[in-house]
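Below is one structure, written out as structure tokens; the observations come after it.
The values are calculated or read from the model by the stated rules, or taken from the named source; none is laboratory data. Predicted, not measured: the structure shown is a model, and the values here were computed from it. Because the Cβ atoms are built from the backbone with ideal geometry, glycine has one as well, and the counts that use them run over all protein chains shown.
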Amino acid sequence: MIELARQYGRYGYRRIAALLRSAGWAVNKKRVERLWRREGLKVPSKQRKRVRLWLNDGSYVRLRPMRCNHVWAYDFVEDRTHDGRKYRLLCLIDEFTRECLAIRVARRLNGYDVIETLALACLERGAPEHIRSDQGPEFIAKAVRDWITAVGTKTAFIEKASPWENGYCESFNGKLRDELLNGEIFYTLKEAQVLIESWRRHYNAVRPHSSLGYRPPAPEAVIAAVSQAAWKSASTAAIPAVLADGQVLN
């Protein structure tokens, strides 16, 4: 337990208990909690609750993910390498499964980078029904909106200055920053790309997720089957290709 707590410093006793059980230990969370407190380990503070989104007429409307590939969400995260230079991360997740579909890392990211990231994910998973994002210039660009429409997907833009409406992606971004970016020094962009991709794979296949009953979003045992089925579906769909010069080919 102490070794896991040392390796995953931001995990609480519930997530550590799930890791122990997945490793073959016959232990319940109450015993882990008792040992956790006896060893003086600190449980991370709980996330502050958010209020519901209410419209002016008192009604309540929010697009809820109901199945895999129903709602994808993406957002940008910014950080700096050791030399002080800024780099950006484009994080794409499936809101229903909580799986991180891609993290694109580069010094600069524009609308065509967004299209290319979506295209690669669609080729592997199939096109989603909705894509949720804020109204940043990279997401509302005409080329991006035209491409999303071309694959038969609908946009779901959140209100301005309302990041809590994109709560799934904001929660993921917080975990990424808390568990990796705040604890690592990246000397080069390539180092950041490699380690961030490694963390993404760990997040999908190993890291217990509390909202999934402390199971990982995409355990390795089922990744191959899901990817193969999605590829067969995507290969029959008309997904526009991104050309080298940034044009879109239908």
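Is the range 187-205 home to any residue that is acidic (Asp, Glu) and modelled with pLDDT under 85? Let's see the steps before the verdict.
First pass over the range 187-205, keeping only residues acidic (Asp, Glu): 191, 197.
Of the ones still in play, those that are also modelled with pLDDT under 85 are none.
Scanning the range 187-205, I find no residue that is acidic (Asp, Glu) and modelled with pLDDT under 85, so the answer is no.
Checking the range 175-183 against the condition returns a match, with at least one residue being buried (at least 18 other Cβ atoms within 10 Å of the Cβ), within 14 Å of the chain's Cα centre (by Cα) and within 15 Å of Leu90 (Cβ to Cβ). Remark: pairs (first residue in the range 5-23, in a loop (DSSP other than H, G, I, E, B); second residue buried (at least 16 other Cβ atoms within 10 Å of the Cβ); Cβ separation under 6 Å; 6+ apart in sequence or on different chains) = Arg10/Glu179. Taking the conditions (1) in contact with a strand residue (DSSP E or B) (Cβ under 6 Å, 6 or more places away or on another chain); (2) within 21 Å of Tyr87 (Cβ to Cβ) in turn, Ala156 satisfies each one other than (2).
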